[in-house]
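Everything below concerns the one structure shown next.
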Amino acid sequence: MSKFDTNLTKSLDQSTIKNVESVIPKKRQDLLKWSGWGYRDSKFYPKHEEVFFSGARYPIGGDVKLPHFGDWIRRNFNLKMDDLLSQPQKPLEYPEPKLDEIFYEAIQELNIDYSITGEDRLVRCHGQTLHDIYCLRNGKFERIPDLILWPKSHEEVVKIVKLATENNICIIPFGGGTSVSGSITCPQDEKRCITVIDTTQMNRLLWLDKQNLVACFESGIVGQDLERVLQEEGLTMGHEPDSIEFSTLGGWVATRASGMKKNVYGNIEDIVIRVKMVTSKGILERNISAPRVSCGPDFNQLILGSEGTLGIVTEVVVKVRPLPPVKKYGSLVFPDFESGIRCLREIAKKRCQPASIRLMDNEQFVFGQALKLDTGIFASFVDGLKNFLLTKVKGYDLTKVSVATLLFEGDKEEVDRQEKLIYEIADQYSGLKAGETNGQKGYVLTFVIAYIRDLGLDYGIVAESFETSVPWDKCESLCRNTKAVVRQECKKHGIDHYLISCRVTQTYDAGACVYFYFGFRWNTECQNPVDLYEEIELMARNEILASGGSISHHHGIGKIRARWYKQSVSSIGVSLYKAAKMELDPRNIFGLNNLLTPEDAIDFEKLQSKL
């Protein structure tokens with residue numbers, strides 16, 4: 001702890017310092033799936049040609065039948081529920097760990113928790129990309145970590161990194177394991193001992209300053225735990241990514257994450273005040289926690305988005321806010337996606353965005369309806385009335401409509417003012433109020449969507465999401481062009497049953513974030529459906545860049561987008577990153593191989609010969 005932190009802690013209420021019992025256990029596979037997304041007790045599953053969702057963690061759970069989902073699957077992918085493929089089986093044997101005896105013995109002497117069991121190593125060799133999960137289910141990971149460590153403090157991380165540097169050990173920082181960029185996927189060609197530092201036992205609230213509304217957490221705290229601790233104090237950080245149930249604060253920093261409520265609370269770079277990172281050369285930290293500082297280049301920004309390649313984040317000072325007294329949902333229906341985009345643009349121009357505003361295209365609207373539960377005759381009446389309003393009164397075509405979900409947070413006067421203004425703007429673009437319940441369902445549905453990919457893989461369907469940010473004047477054409485490229489590629493490869501859809505998830509003064517969802521059913525002649533998927537996504541990504549979009553809005557670069565990094569930041573930008581890498585990690589101890597292609601990678605052997 002720095003002198004600044006020590007002095008500050010003395011002035012704080014010591015009762016706010018908390019050891020947090022995480023919802024995610026050290027043996028994560030006891031609670032989470034070993035071969036897919038989320039909780040073991042939560043999944044879509046078939047039964048008698050119908051689809052159900054298990055568990056009681058989400059509103060559509062409780063083993064309740066989803067009466068429309070089976071029809072949607074049959075209609076879009078031309079399959080039956082009895083077309084189930086063989087289920088993935090957990091391996092019985094694992095690669096032998098390649099341990100460095102000196103390092104291994106030193107870790108034991110330090111009394112740091114560790115594991116060399118195959119199962120602990122397997123569940124930490126990957127993230128959540130389609131490629132990761134497909135390889136996992138089909139037993140294709142030849143290289144997994146050799147040693148798992150669970151440090152409990154910044155000081156223990158310092159000792160581990162020092163030992164790793166002295167013994168030339170490859171370190172992979174690991175938090176929630178939710179990466180969808182390949183950033184934490186175990187490098188398959190790494191010959192050194194690979195040690196994963198699992199930060200999830202570093203999850204304390206170190207101090208809380210209610211007067212200045214700042215808090216310091218250890219980096220391994222899981223998002224839902226962080227929010228629970230703060231809300232017990234009447235506070236919130238307000239950062240709510242789709243992965244908040246499982247991802248960690250350190251992971252948010254390492255990937256420059258964004259949350260659903262960024263309009264009120266900001267993205268992670270707006271929330272973070274100070275970061276402490278352990279590198280192979282020492283500790284990188286700014287020793288001032290003032291609200292804004294002009295003292296040369298901001299090293300926080302060097303850490304944000306570094307994806308574990310420069311060091312490991314151990315402690316983070318963040319802004320917090322009082323819990324809003326009012327939280328209210330809403331929704332809007334537009335005659336088409338383009339009208340919705342123009343409405344969101346006007347709302348952004350007037351800077352009156354609610355905490356969250358998301359716009360889904362017609363394909364996603366239809367998908368959302370497929371997950372709807374039937375709740376009796378009254379619901380049927382309401383649905384009929386809505387259909388009448390949409391098709392008769394407004395003249396909307398249900399095959400073209402687009403839906404926006406809204407979340408308002410603040411005091412009652414502010415929420416009322418915001419609602420009134422937004423609904424007035426929406427009316428100018430033929431937007432129709434669709435009710436609070438629909439808005440809440442659409443918001444919660446975000447957390448369930450990730451489970452669908454596992455069901456798809458059970459039936460020979462590969463699917464993934466990819467995102468971008470784009471200026472407003474190019475948003476419509478980018479969505480249209482990217483969908484067209486995917487359709488062309490599917491036709492080229494003889495893919496008849498697929499889905500390509502998109503939604504606008506975050507809005508800014510100058511543009512928006514767009515998420516694409518793409519999946520297809522592969523035929524029996526396809527040798528490797530993931531390779532085919534990645535080939536099509538590559539074409540889509542090229543079109544995104546050609547249409548004015550970015551390489552990523554918040555998922556980062558990792559390994560799967562490294563080919564576009566130079567195009568995005570220029571050759572000088574790549575050189576600047578490499579200079580930081582060579583200064584902070586000249587032996588490539590943090591050898592994840594993110595951001596750079598093999599052609600642009602640093603020759604560390606040559607570098608060592610010069611040192």
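The values are calculated or read from the model by the stated rules, or taken from the named source; none is laboratory data. All values derive from a computational prediction rather than experimental measurement. Methodologically, a virtual Cβ is constructed for each residue, glycine included, from the backbone with ideal geometry; neighbour enumeration extends over all protein chains shown. To get the accessible areas, we keep the full protein, side chains included, count just its heavy atoms, and leave off ligands, DNA and RNA. Shrake-Rupley method; radii C 1.70, N 1.55, O 1.52, S 1.80 Å.
Can you give the FRET efficiency to the nearest 0.05 for GLU583 and ASN287, using r as the Cβ-Cβ distance and R₀ = 25 Å?
It comes to 0.80.
State to the nearest 20 debye the size of the charge dipole of the stretch 469-556 about its Cα centre, where the only charges are +1 on K and R beta carbons and -1 on D and E beta carbons.
The calculation lands at about 240 debye.
Picking from HIS68, GLY55, GLY36, whose Cα lies most toward the positive end of the charge dipole for the stretch 30-77 (charges on Cβ: Lys, Arg +1; Asp, Glu -1)?
After comparing all options, I get GLY36.
Mind checking which aspartates and glutamates have their C-alpha under 16 Å from LYS578, skipping anything on the same chain fewer than 8 residues away?
GLU307, GLU599, ASP600, ASP603, GLU605
Give me the percent relative contact order of the stretch 326-449, please, defined on Cα pairs under 8 angstrom at least 6 residues apart.
In percent, rounded to a whole number, it is 51.
How big is the charge dipole of the chain about its Cα centre, in debye rounded to the nearest 20, if each Lys and Arg gets +1 on its Cβ and each Asp and Glu gets -1 on its Cβ?
1100 debye
So for the chain, taking the charge dipole from beta-carbon charges (+1 Lys/Arg, -1 Asp/Glu), which of LEU302, PRO471, TYR429 sits furthest toward the positive end?
TYR429
Mind ordering 256-264, 595-603 by average Cβ neighbours within 10 Å, highest first?
256-264, 595-603
Quick one: putting +1 on the C-beta of Lys and Arg, -1 on the C-beta of Asp and Glu, what dipole do you get for the stretch 464-611 around its Cα centre, in Debye to the nearest 20?
140 debye
Got the relative contact order for the chain handy, in percent, Cα pairs under 8 Å and 6 or more residues apart? The partial results should precede the final answer.
Numbers: 1142 pairs, mean separation 91.8, N = 611.
After rounding, I find 15 percent.
Find which of PRO88, TYR451, PRO187 sits farthest along the positive direction of the dipole of the chain, computed with +1 on the beta-carbon of Lys and Arg, -1 on that of Asp and Glu, about the Cα centre.
Positive-end residue among those listed: TYR451.
Would you work out what percent of the accessible area of the chain, with all protein chains in place, is carbon or sulfur (probe 1.4 Å)?
Carbon and sulfur together cover 52 percent of it.
Between the helical axis of 337-349 and the dominant principal axis of the chain, each derived from Cα atoms, what acute angle in degrees is found, rounded to the nearest 10?
60 degrees
Would you kindly state how much longer the chain becomes between LYS26 and GLN108 on full extension, computed as 0.36 nm times their sequence separation minus their alpha carbon distance, in nm to one decimal?
Values: separation 82, 0.36 × 82 = 29.52 nm, distance 1.81 nm.
Net length gain for the segment: 27.7 nm.
Run the quick spin-label model on LYS90 and TYR423: label points 7 Å from Cα toward the beta carbon, then report their separation in nm to one decimal.
5.2 nm
Past 20 Å, Cα to Cα, is the threshold; run LYS26/LYS140; LYS262/LYS327; LYS327/LYS441; LYS65/LYS90 against it and keep the listed order. Present the calculation step by step, with values, prior to reporting the outcome.
On the way: LYS26/LYS140 25 Å; LYS262/LYS327 15 Å; LYS327/LYS441 14 Å; LYS65/LYS90 28 Å.
Long pairs (Cα-Cα over 20 Å): LYS26/LYS140; LYS65/LYS90.
In whole Å, what are the extents of the stretch 454-555 along the principal axes defined by its C-alpha atoms, from largest to smallest?
47, 26, 17
Quick check for you: with a 1.4 Å probe and neighbouring chains kept, what is the accessible area per residue of the chain, in Å²?
Normalised by residue count, the accessible surface of the chain is 43 Å².
Compare the peptides 298-304, 123-129, 577-583, 247-253 by average per-residue count of other Cβ atoms within 10 angstrom and give them in order, highest first.
247-253, 123-129, 298-304, 577-583
Distance between Cα centroids, the stretch 162-222 to the stretch 470-519: provide it in whole Å.
With the stretch 162-222 and the stretch 470-519 each reduced to a Cα centre, they are spaced 33 Å.
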